[in-house]
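Below is one structure; the comments refer to it alone.
Read the figures in this text as sums done on the coordinates, not as results from a lab. Just so you know, these numbers come straight off a predicted model, no measurement behind them. Heads up, the Cβs are rebuilt from the backbone with ideal geometry, glycines too, and the neighbour counts pull from every protein chain shown.
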Amino acid sequence: MNGDVLVYVETRDGAVKPSSLELLTAARQLADGAGGMVDALVAGGPLGAVEALSGVADRVLVATHPALEQYLPEAHAALLRSVVAERNPALALFAYSAAGLDLAADVAARTDRAVIDYCVKLSATGREIETTSLIYGGKLRAVSRARSPAVAVIVPGAYPEARPDPARRTTTVEIAAPPRLDALRTAFVVETRPAEGTVDLAGAAKILCVGRGIHDKDSVEVARQVADALGAEIAGSRPVIDNGWLAKERQVGKSGCRVKPKLYLAAGVSGAPEHLEGMSGAELIIAINTDARAPIFGVAHFGATCDLFDLLPALGERLGKGRAA
């Protein structure tokens, strides 16, 4: 790979999302190895995001236009196509997120570039880019090769978040908004966010998360008792939430909450990429699953391949004795 690496930066309330900082770590490794530069594209130009990228990217590309102030796929895609066509980066990186999935495929198709999804590792030699991707729900890893220029979508948690380097000089470059933004066929109407509840999973120090292996709603109470003994919040993977066994506000994963507790105990969670996105940054991950090949063991620090209904009651009993002592 010879050339620069472009990162599409996602923001929320004016702040850079952690997944975008992870992309910048991958971009730095690739760009340094290829003698290129790291460009971070910020659509809408929130000042806080631009400042946060100082010392991280080599250049922060800022585009401002009313259509870019909120996330509107048509507008952001038009901007990306314009930037890619003008700057011709060797590689464009996106997070495996709702926006990333929207935009990566669009940019790849409309600029005639290969696109590789679900990436957890990237390297480059010459014009060739090699990626390792999760497939079959994360149970297998596939190695792919493509020639640059290309597009890659990276699973959050695959790289650590980039930290500012005081010695790195970052240049801010104003990008002209493409004319197409004045003639869009869609318009941003309103953003709807989930109602705030009493649960703050993002701030929880300990979380016990149950997955499909918990079997039914009544069995969730077994895990809840252990969570109470641990002083942990109870949470669930998407199948648990979809079945109505726990409230939506307790979902961990791409379509739920992203968490970084000190302890994450996963019981009966297989570890699909969407779930790993939300919890792989936890300080200590303990997994319980009867399937030794479950993807959750790829991020777990400790694991047990046993029936959770054997382990959780025993753990609850042990915790209860500890409290009594």
- prompt: Put a dot 7 Å past each Cα toward the Cβ at D112 and K262; how far apart are the dots in nm?
  reply: 5.7
- request: Could you please state, rounded to a whole Å, how far the C-alpha centre of the range 9-43 is from the C-alpha centre of the range 225-291?
  value: 27
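With respect to the cross-link table entries K121/K206; K17/K254; K206/K254; K139/K262; K217/K260, which display a Cα-Cα separation exceeding 22 Å? Mind showing how you got there, number by number?
Values: K121/K206 29 Å; K17/K254 13 Å; K206/K254 19 Å; K139/K262 26 Å; K217/K260 26 Å.
Long pairs (Cα-Cα over 22 Å): K121/K206; K139/K262; K217/K260.
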query: According to a simple spin-label model (label point 7 Å from Cα along Cα-to-Cβ), what is the distance in nm between L184 and L311?
result: 4.7
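State, as an integer percentage, the relative contact order of the chain based on alpha-carbon contacts under 8 Å between residues 6 or more apart. Mind dumping the intermediate values first?
Numbers: 708 pairs, mean separation 49.3, N = 325.
Reported relative contact order: 15 percent.
Please give the per residue volume of the convex hull enclosing the alpha carbon atoms of the range 5-182, rounded to a whole number of Å³. Walk me through the numbers on the way to the answer.
Numbers: hull volume 18.5 nm³, N = 178.
Measuring per residue, one finds 104 Å³ for the Cα hull of the range 5-182.
Among S237, S82, rank each residue by its count of other Cβ atoms within 10 Å, from fewest to most, as a rough exposure measure. Could the numbers behind the result be given before it?
Values: S237 29, S82 18.
If I rank by nearby Cβ atoms, fewest first, I get S82, S237.
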message: Tell me the angle of helix 73-87 to the major Cα principal axis of the chain, expressed in degrees between 0 and 90 and rounded to the nearest ten.
response: 50
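If r is the Cβ-Cβ distance from A167 to R145 and R0 is 30 Å, what FRET efficiency results, to the nearest 0.05?
Values: r = 34 Å, r/R0 = 1.13.
After rounding to 0.05, the efficiency reads 0.30.
How much length is gained if the chain between N243 and E128 is pulled fully straight, taking 0.36 nm per residue apart and subtracting their Cα-Cα distance, in nm to one decimal? Walk me through the numbers on the way to the answer.
Numbers: separation 115, 0.36 × 115 = 41.40 nm, distance 4.41 nm.
That pair, N243 and E128, stretches by 37.0 nm at full extension.
Could you work out how much longer the chain between T192 and A304 gets when fully extended? Use 0.36 nm per residue separation minus the Cα distance between them, nm to one decimal.
On the way: separation 112, 0.36 × 112 = 40.32 nm, distance 3.99 nm.
Fully extending the segment from T192 to A304 adds 36.3 nm.
Expected output is a single nm value to one decimal: the length gained when fully extending between A205 and E221, i.e. 0.36 nm times separation in residues minus the C-alpha distance. What is it?
Numbers: separation 16, 0.36 × 16 = 5.76 nm, distance 2.05 nm.
Once the chain is fully extended between A205 and E221, it gains 3.7 nm.
May I ask for the longest run of the chain untouched by GluC sites (Glu not before Pro) that are loop-located per DSSP and have at most 14 neighbouring C-beta atoms (other than their own) within 10 Å? The partial results should precede the final answer.
On the way: sites that count: E69, E191, E196, E283.
It works out to 70-190.
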- prompt: Where the eigenvalues come from the Cα gyration tensor of the chain, what are the semi-axes √(5λ) of the equivalent ellipsoid, largest first, in whole Å?
  reply: 39, 21, 18
field: DSSP-defined beta bridges in the chain - what % are antiparallel, rounded to 5
entry: 25
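Fewest to most neighbouring Cβ within 10 Å: what's the order for K139, K262? Walk me through the intermediate numbers first.
Numbers: K139 15, K262 12.
Neighbour counts put them in this order, fewest first: K262, K139.
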